[in-house]
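Novice: Mind looking over this structure? Questions follow.
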Amino acid sequence: MAIDFIARAAAASAQAAADAATAGPASPVGLFTDLPLVPVDAAVRTIVTSGYAVAGAGAGIYVSDGLATAALAAAHPLFCRASSNGRHFRLLPDDNGLIPVACGGANGQETAITDTSPDARPAIQAAEYYRHAIGAKGVRLDARNYAIRRVPRTDLTSWDVRFIDYEGVPIVVLSSSVFKSTHPEGSLLLRRKADGTTYTMSDYQTLTVDGIGAVIWRGGMFFVEGHGQAGDPDPGASVGSFTLEDVQLDGGLRLARDGLIFEVMDKGIWQSNDRYCGHLTLKGKSAIIGFTSELIYTAGISPSIADRVLAIGPEVVLGETGGSCINANGQTTQIARCLCYNAYIGIEGWTGHAGGYLKAHFRDITHDSSIQGGIYALPPANYYEPTAPVSGQLPVGHLDIVLERSPMSVGSWLEGRIVAIDCTPSVGRAATFAKGAEMVDLEIVSIADRTNPLGAVSFPGGPSGEMLIRNVSVRAEIKRTAYATANGLRHAAAVYTFGSIGPNVVVTLGAQEGLGGHINVAAAAYDHVIALRGYIYNETNATGSGYFDCEANNGGTIPNVPVIALSCSGSASGVKNINLPTSNVTVGTRIYIANFTRNFVSPGLDVKVNGSNFRTGADEHIAGNYTAACFEFSGSSWRVVERL
C-alpha cells in the first residue's frame, strides 16, 4: 500500500500537468468559499478567485478536469469544491508547482504571534495532503508568521514507533515535498498550546510506546513518512524526500530558560523509523529551534544509500534543544557551515556512504557531539565500531568545523580541520566509540580564551591492552587570545590522554603560545605512547615533568614519555647509564632528557644513554649541568636530533 502512494501520486501529477497545460483562460468567480453559490458555465474550464474567504487573501486559479471530482472534493474540501450547478473545480499549483497555504485559508500574519492568532496548522496540513493527492511539488508559505497549535492525542495506551496513525503530529508529509517561503525573512511556524497560548514545558501528555514504556509526548513539528519496511522491495531513491526552504520551525522552548532535558518524541523533523526514505534538505533562511528531542532525525532505511543525502545550507540555524541538533544516520552529509547552538548535543552520526562533509559552527554545546566517516555498522551491538569500507563506498568524511565551548568526539575515517575555542576535541572517546577510532587525519587550531583547556586534543583510551585508538595523525596549533594572556589562561598540555593507546598515534605541534606542558597522562594504564613531535622544550616545562630517579633506579630504562627530568635521591656523583625504551614505541616518537640532578646534589650525576639503542652504537652523554638532549625513534633505533 505504501509503495502504491508513489504510483498514484506520479499518475496524478502527470494528469494534473496535462490538464493545466490545456486549461485555457480563467473566468473570475469571486471568493472560493462562495463557489457553491455560483453557477459556472459548462464552456468554462478554468476560474480565478479573488481570495479564499476574504478578497485579496488566497486568490487562486482552479480547473475543472479529470482530477476535479466529488471524491477529491470530499477528501480535500479546502482546495476542491463544486459550483452551484455541480461542476467541480480544484486548485492548480503555482508556476513552481507549489500549493499556497493561503488558498486553504492560512493567511498567517506579519506581526508576532499572540494568544488569539488563528491556528494555521489545519490548512497547512490540508495543503500538504492535497499536494500529495495531485502530485504537486510542494507547499508555499507567503506570510512571516504562522501559529501551529499542538494537537493532543486521544489514544495514549499503545503506539508504534513508525507513526501508523499520525495522531498528534502537527504536519505529516506522505511523499516527496518542498515547503518553501516567499517572504523576504522566511516564514516562521511557531508551536503554541492547543488553546493558542504560549507553549510551555508543562504542556505534554504521557504516552505508552510499544517496547519502551511511558514517554513524554509533545508531537514535534514535521513527520516525513517513508515507504515499505525492511525486507520489502526497494521502492527506489525518490521516495520520501523533504525540503525546507526559508522556513523556520520553533517549538517554543529554550534550553536555559526552560531547563530542557532530552526527551524521545519531540523532534523538529522526523524521518520515519525503519522505512525507505529519501533526501532531507534545509536551505536558505531555514531554522529549527525550541524542541526537547533531535531537531533533525533521520532513521529511515536508504533505498539507494549512495544517493541519499542530508543537505544543510550555510545560513541554516539549529539550536535550543535538550537533544541533538542533527542526528545523521547513514545518508551522505553535505552540511555547509550551518550554526548549531545551545544544545545538549550538536551532531551524532556518520558522514555517509559517499564520503560526505561536515562544515559547521558549534556554539555552547553542553555534551560531546560525535561524528565518524562511512555508514553505521550493523547489527546494533556494533553500533559504535569503526566503520569499514564496503564495495563502492568512499568512507573518508571531511570536517571543517568550529567548536566554541563545544566538546566533540571524533571517530574513524575522517580528515579535515577543527578550530576549537575553550574546549578539547577528543579522538576515539571510549564512552562514545566503544570500539575506538582509526584512520584519522586532522589539523586542529586550539585557542584558549576564557578557560584553561586540557589540551589541543584528547585521546581517551579504553582498558589496558585494548589499544583501540590507532593510526591517527594530528597537526596542532596552540594559541591564546589577548584576554587569555592578560589573565594567565593557557593550555594545561598539548595532549591530554588516559587509558590504552594503540600504535601510530602522532601529534605534530606548530605554534605553542603559552603552552603549559607536553602530554598529560591522566592514568597510567596505557600501552603505546603518543608520538609528540615539534614540542618546543624549555626548562620550566621540563621541571614540571615526572622525575626519573636515575640513582635509585641505578640507571635503568626511562619511561616512554615526552620529557624526562632526571633526578637523584641521595648525594651521589659520577656517571649513571640509562636505557631508552624500545617496546610499544611509535615511529617518530621524541623524548627530551633533561639532567637536573644538580638541583638535588652537587656536583650531580652525569648520564650516559646506552649506545646499543643508537644507530652509531656509541653512548650519548648528558652532563649534570642542566643540559638536555632530544632523541627520536626511527622504528628500530634512536638518534639525537637536538641538544640544548
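Novice: Relative contact order for the chain using alpha-carbon pairs under 8 Å, separation at least 6, rounded to a whole percent?
Specialist: Once normalised by length, the contact order is 5 percent.
Novice: Moving to a separate point now. What whole-number value in Å² describes the accessible area per residue of region 403-493 for a 1.4 Å probe?
Specialist: Solvent-accessible surface per residue comes out at 36 Å².
Novice: Just to confirm my understanding: which cysteines in the chain have no other cysteine beta carbon less than 4.7 Å from their beta carbon?
Specialist: Flagged as lacking a Cys partner: Cys80, Cys103, Cys277, Cys338, Cys423, Cys550, Cys568, Cys630.
Novice: So what's the back-of-envelope 222 nm ellipticity for the chain, counting only DSSP H runs of four-plus at -39500 (n - 2.57) apiece and dividing by all residues, rounded to 500?
Specialist: -2500 deg cm²/dmol
Novice: So how strong a dipole does the chain carry about its Cα centre when Lys and Arg Cβ are +1 and Asp and Glu Cβ are -1, to the nearest 20 debye?
Specialist: Using Cβ point charges on Lys, Arg, Asp and Glu, the chain gives about 660 debye.
Novice: Related question: Using DSSP, restrict attention to beta bridges with both residues in the chain and report what percent are antiparallel, rounded to the nearest 5.
Specialist: Among the beta bridges of the chain, antiparallel pairing accounts for roughly 20 percent.
Novice: Of the DSSP beta bridges with both residues in region 54-163, give the percent that are antiparallel, rounding to the nearest 5.
Specialist: Expressed as a percentage, antiparallel bridges in region 54-163 total about 65.
Novice: Rounded to the nearest 0.05, what FRET efficiency is calculated for Val640 and Val587 with R0 set to 25 Å and r the Cβ-Cβ distance?
Specialist: Taking R0 as 25 Å, the efficiency between Val640 and Val587 is 0.90.
Novice: Which of the peptides 461-472, 27-38 is most tightly packed, and how do the rest follow, going by the mean number of other Cβ atoms within 10 Å of each residue?
Specialist: Highest mean packing first, the order is 461-472, 27-38.
Novice: Using only the Cα atoms, work out Rg/Rh for region 57-211, with Rh taken as the Kirkwood radius, to two decimals.
Specialist: Across region 57-211, the Cα-based Rg/Rh ratio is 1.01.
Novice: Something else: Per 10 Å bin, what percent of the C-alpha pairs of the chain does each bin hold, from zero upward?
Specialist: 3, 14, 21, 19, 14, 10, 8, 6, 3, 2, 1, 0
Novice: Over region 399-491, calculate the relative contact order: mean separation of alpha carbon pairs under 8 Å at least 6 apart, over the residue count, as a percent.
Specialist: Across region 399-491, relative contact order equals 28 percent.
Novice: Quick one: if the Förster radius is 51 Å, what FRET efficiency do Asn610 and Ala434 give, using the C-beta to C-beta distance and rounding to 0.05?
Specialist: Once rounded, the FRET efficiency stands at 0.80.
Novice: Could you check the spin-label model distance between Ala486 and Val264? Points 7 Å from the Cα along Cα→Cβ, value in nm.
Specialist: For Ala486 paired with Val264, the spin-label model returns 5.1 nm.
Novice: Using the alpha-carbon atoms, what tilt in degrees (0 to 90, nearest 10) does helix 121-134 show relative to the longest principal axis of the chain?
Specialist: Orientation of helix 121-134: about 80 degrees from the principal axis.
Novice: For Lys180, list the lysines whose Cα falls under 17 Å from its own Cα; do not include residues on the same chain fewer than 8 positions away.
Specialist: Output for Lys180: Lys137, Lys283, Lys285.
Novice: Counting other Cβ atoms within 10 Å, which GluC sites (Glu not before Pro) in region 96-197 have at most 10 and lie in a DSSP loop?
Specialist: Passing both the DSSP loop test and the Cβ count: Glu110.
Novice: Using the crude model of +1 on Lys and Arg Cβ and -1 on Asp and Glu Cβ, and no other charge, please compute the dipole size for region 394-535 relative to its Cα centre, in debye to 20.
Specialist: Roughly 220 debye, rounded to the nearest 20.
Novice: Where does helix 2-21 land angle-wise versus the long Cα axis of the chain, in degrees 0 to 90, nearest 10?
Specialist: 60
Novice: Right, something else. If you place +1 on the Cβ of every Lys and Arg and -1 on the Cβ of every Asp and Glu, how big does the dipole about the Cα centre of region 93-225 come out, in debye to the nearest 20?
Specialist: 160
Novice: Enumerate the residues in region 547-583 having an amide nitrogen under 16 Å from the point lying 7 Å beyond the Cα of His621 toward its Cβ.
Specialist: It comes to 574-578, nothing else.
Novice: Right, another one. Relative contact order for region 150-350: what is it in percent, counting Cα pairs under 8 Å that are at least 6 residues apart?
Specialist: 19
Novice: Sticking with this one: Please grab the % of Cα pairs in region 150-350 that end up more than 28 Å from each other.
Specialist: Everything past 28 Å amounts to 21 percent.
The values are calculated or read from the model by the stated rules, or taken from the named source; none is laboratory data. In this text, all values refer to a predicted model and were calculated from it rather than measured experimentally. All Cβ positions, even for glycine, are placed from backbone atoms using ideal geometry, and neighbour counts span all protein chains on display. SASA here: full protein model, heavy atoms, side chains in, ligands and nucleic acids out. Shrake-Rupley method; radii C 1.70, N 1.55, O 1.52, S 1.80 Å.
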